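**Q** Quick one: structure below, then a few questions.
The values are calculated or read from the model by the stated rules, or taken from the named source; none is laboratory data. From a predicted model like this one, the values you see are computed outputs, not experimental measurements. For neighbour counting, all protein chains shown are included, and Cβ atoms are generated from backbone atoms with ideal geometry for every residue, glycine included.
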Amino acid sequence: MIKPLTSLRFFFAFFVFLSHLSFVKSSNLIFNWFQRNIFFEGYLGVSFFFILSGFVLSYSYETKLKNQKITRRDFYVARLARIYPLHFITLFLAIPIVYLNSHNSLHIWSFLANLFLVQSFIPKEFFYFGFNAPAWSISDEMFFYLIFPFIILLLDKLKWMKAIFYIFIPLILIPGIILIPKNYQKAIFYVNPVIRSLDFILGILLYTLFKNKKFTDYFSTFKRASILEILSLLVFFIFFIFHNFLNRGFRFSIYYWIPMCVIIYTFAQNKGFLSKLLSNKTLVFLGEISFGFYMVHYLVITFGNVLRDKYFVNINEIVLCSIYFIITLILSYLSFIYFEKPMNTFIKKKLIKP
């Protein structure tokens with residue numbers, strides 16, 4: 001485990017949490033400004049998670065898979081044990097909200113698509129954002145897990161594939177984003193697993209860069225590493241400040257590739273002042289429960305908004321959002337300790353042979 005990267009997971013999960021605060025209705029002009037200009041862009045956290053997923057899986061499993069120290073089957077079981085139990089629970093918890101909001105006869109099909117984690121392949125919002133909306137990214141992750149053992153072998157044997165990714169993929173994506181109507185851009189460039197697998201593969205390639213130690217001299221001293229960590233965050237903030245100048249289709253996909261890669265590569269070195277701060281036990285633990293935070297927060301906000309509209313119409317927006325955050329944090333803690341970890345251990349014990 002690379003502690004700074006684990007801690008950063010929580011901060012980017014918090015970005016996604018902020019993006020869903022756009023559902024909080026308010027007449028406060030300042031709060032509305034934050035919703036439009038900061039909270040709304042919180043979906044960028046998903047780009048971080050997808051690139052980090054490719055990087056961390058390569059860090060943890062590449063050598064094991066290549067040397068056959070772990071079978072593909074055991075790899076799939078281990079990844080399924082990590083994500084599916086909580087997805088299953090949150091899917092069922094979302095049922096009341098879905099039926100309160102609409103009476104569409106396609107509910108059963110949307111439910112089945114979510115149950116089998118294929119909803120992100122269906123380019124209809126009713127499917128990919130059906131039930132517990134953030135689960136669309138878990139559908140993508142499941143696809144990434146399926147292709148990961150094959151991708152690392154292909155990249156190892158066919159070196160020219162890296163050049164194709166670096167050069168041709170952006171050249172294909174850019175005209176696609178420009179030409180495809182905005183109505184379809186979210187389904188294609190934000191949700192579709194095949195397109196988003198490019199983020200994931202970028203994470204794998206980033207790990208190959210990390211492995212060859214080509215730039216380790218830049219991190220040779222604590223002072224230099226600390227400066228680079230600050231600069232990596234500065235790169236991210238610069239991209240964030242200027243995001244409104246670009247079509248949202250770019251922001252769904254390639255726009256945040258550079259800052260996310262810079263942050264992941266820099267903090268993976270784990271040599272500077274900020275890395276030391278992020279290695280704090282509390283922050284690392286928050287990173288460990290970030291999956292629960294990510295999966296639960298949407299339900300908390302959605303159920304909370306129903307209760308607010310019925311019983312607490314005049315509650316202050318800041319107080320309301322703070323309550324949502326605290327409840328989500330408590331639930332993610334309880335989920336991690338009493339459900340995710342035990343279920344993870346139980347499934348692997350039952351299905352993975354020693």
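**Q** Looking at segment 298-327, which of the residues that are under 27 Å from Tyr99 (Cα atoms) and outside any helix (DSSP H, G or I) is modelled with the highest pLDDT?
**A** Ile315
**Q** Looking at Val235 and the list (1) aliphatic (A, V, I, L, M); (2) surrounded by 14 or more Cβ atoms within 10 Å (Cβ to Cβ); (3) over 18 Å from Phe50 (Cβ atoms); (4) at pLDDT below 95, which single condition is not satisfied?
**A** That leaves (4) as the condition not met.
**Q** When both residues are 6+ apart or on different chains and their Cβ atoms are under 8 Å apart, which pairs have a first residue that lies in segment 211-235 and is in contact (Cβ under 8 Å) with a residue 40 or more places away in the chain, and a second that is charged (D, E, K, R)?
**A** That search, which allows pairs on different chains as well, returns Phe219/Lys271; Phe222/Lys271; Ala225/Lys271.
**Q** So, one more: Where in segment 180-297 are there helices (runs of 4 or more DSSP H), lying fully within it, with 1 or more residues that are among the basic types (Lys, Arg)?
**A** 182-185, 193-211, 222-241, 248-252, 273-278, 281-288
**Q** Moving to a separate point now. Any residue that is under 23 Å from the mean Cα position of the chain (by Cα), among the polar types (S, T, N, Q) and crowded, with 16+ Cβ neighbours inside 10 Å - is there at least one of those in segment 33-42?
**A** Yes; the residues of segment 33-42 include at least one that is under 23 Å from the mean Cα position of the chain (by Cα), among the polar types (S, T, N, Q) and crowded, with 16+ Cβ neighbours inside 10 Å.
**Q** Looking at Pro175, is it of a type outside the set (A, V, I, L, M, F, W, C) and more than 30 Å from Val77 (Cβ to Cβ)?
**A** When the stated conditions are applied, Pro175 passes them.
**Q** Going through segment 316-344 one residue at a time, which ones are exposed (fewer than 12 other Cβ atoms within 10 Å of the Cβ) and either in contact (Cβ under 8 Å) with a residue 24 or more places away in the chain or more than 30 Å from Tyr76 (Cβ to Cβ) (or both)?
**A** Selection gives Val319, Ser322, Ile326.
**Q** Same structure again: Test each condition in (1) touching a Phe, Trp or Tyr at 6+ places or on another chain (Cβ under 8 Å); (2) assigned to a helix (DSSP H, G or I) for Arg73 and report the one that comes out false.
**A** (1)
**Q** Among the residues of segment 93-123, which ones are modelled with pLDDT under 90 and in a loop (DSSP other than H, G, I, E, B)?
**A** Selection gives Ser102, His103, Asn104, Ser105, Leu106.
**Q** Separate question: Spot the failing condition for Lys211; the list is (1) crowded, with 23+ Cβ neighbours inside 10 Å; (2) over 25 Å from His20 (Cα atoms), and only one is missed.
**A** (1)
**Q** Out of segment 28-66, which residues are part of a helix (DSSP H, G or I), closer than 23 Å to Phe293 by Cα and of a type in the set (A, V, I, L, M)?
**A** Leu44, Val46, Ile51, Leu52, Val56, Leu57, listed by residue number.
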